[in-house]
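**Student:** Got a structure for you, questions after.
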Amino acid sequence: MDRLLALQAFARVIELGGFTKAGDSLQLSKTTVSDLVQGLENHLGVRLLQSTTRRVSATSDGAGFA
């Protein structure tokens, strides 16, 4: 996993409020962005994002990490 790209993806998801918008801005697919963030979460051992059908937000761990 490219940790720098994963960090960029995570920050973009928070900044833009969703995986699709983050992917568009990074020229990556929504799936790739999701996989990068999931890999980062697995590496750190914490959940960084909370997502619902309408929005994505940082968890308390994610907010501290961002």
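Read-outs throughout are calculated quantities, based only on the coordinates presented, and are distinct from any laboratory measurement. In this text the structure is predicted, and so the values were computed from the model without any measurement. All Cβ positions, glycine included, derive from the backbone under ideal geometry; neighbour counts span all protein chains shown.
**Student:** What number of residues in the stretch 1-46 are under 13 Å from G62 (Cα atoms) and in contact with a strand residue (DSSP E or B) (Cβ under 7 Å, 6 or more places away or on another chain)?
**Tutor:** Qualifying residue count for the region: 3.
**Student:** State which residue is nearest to L5 (Cα to Cα) when the search covers only the stretch 28-62 and only residues that are of a type in the set (A, V, I, L, M, F, W, C) and part of a loop (DSSP other than H, G, I, E, B). Walk me through it before giving the result.
**Tutor:** Residues of the stretch 28-62 that are of a type in the set (A, V, I, L, M, F, W, C), as a first pass: 28, 33, 36-37, 40, 44, 46, 48-49, 56, 58.
Checking the rest, the ones that are also part of a loop (DSSP other than H, G, I, E, B) come to 28, 46, 48.
Details: L28: 11, V46: 18, L48: 15 Å.
Among those residues, the one meeting the criterion is L28.
**Student:** Can you tell me which residue within the stretch 10-46, out of those that are within 16 Å of G64 (Cα to Cα) and in contact with a helix residue (DSSP H, G or I) (Cβ under 6 Å, 6 or more places away or on another chain), is surrounded by the fewest Cβ atoms within 10 Å (Cβ to Cβ)?
**Tutor:** Taking the candidates together, the pick is V46.
**Student:** Which ones in the stretch 1-27 are touching a residue at least 24 places away in the same chain (Cβ under 8 Å) and outside any helix (DSSP H, G or I)?
**Tutor:** Within the stretch 1-27, the first condition is being touching a residue at least 24 places away in the same chain (Cβ under 8 Å), and the residues that meet it are 1-3, 5-7, 9-11, 13-14, 17-19.
Scanning the stretch 1-27 gives M1, D2, G17, G18.
**Student:** Can I ask one more? Considering each residue of the stretch 1-22, count those that are among the aliphatic types (A, V, I, L, M) and out of contact with any Leu (no Cβ under 8 Å at 6 or more places or on another chain), and give that number.
**Tutor:** 3
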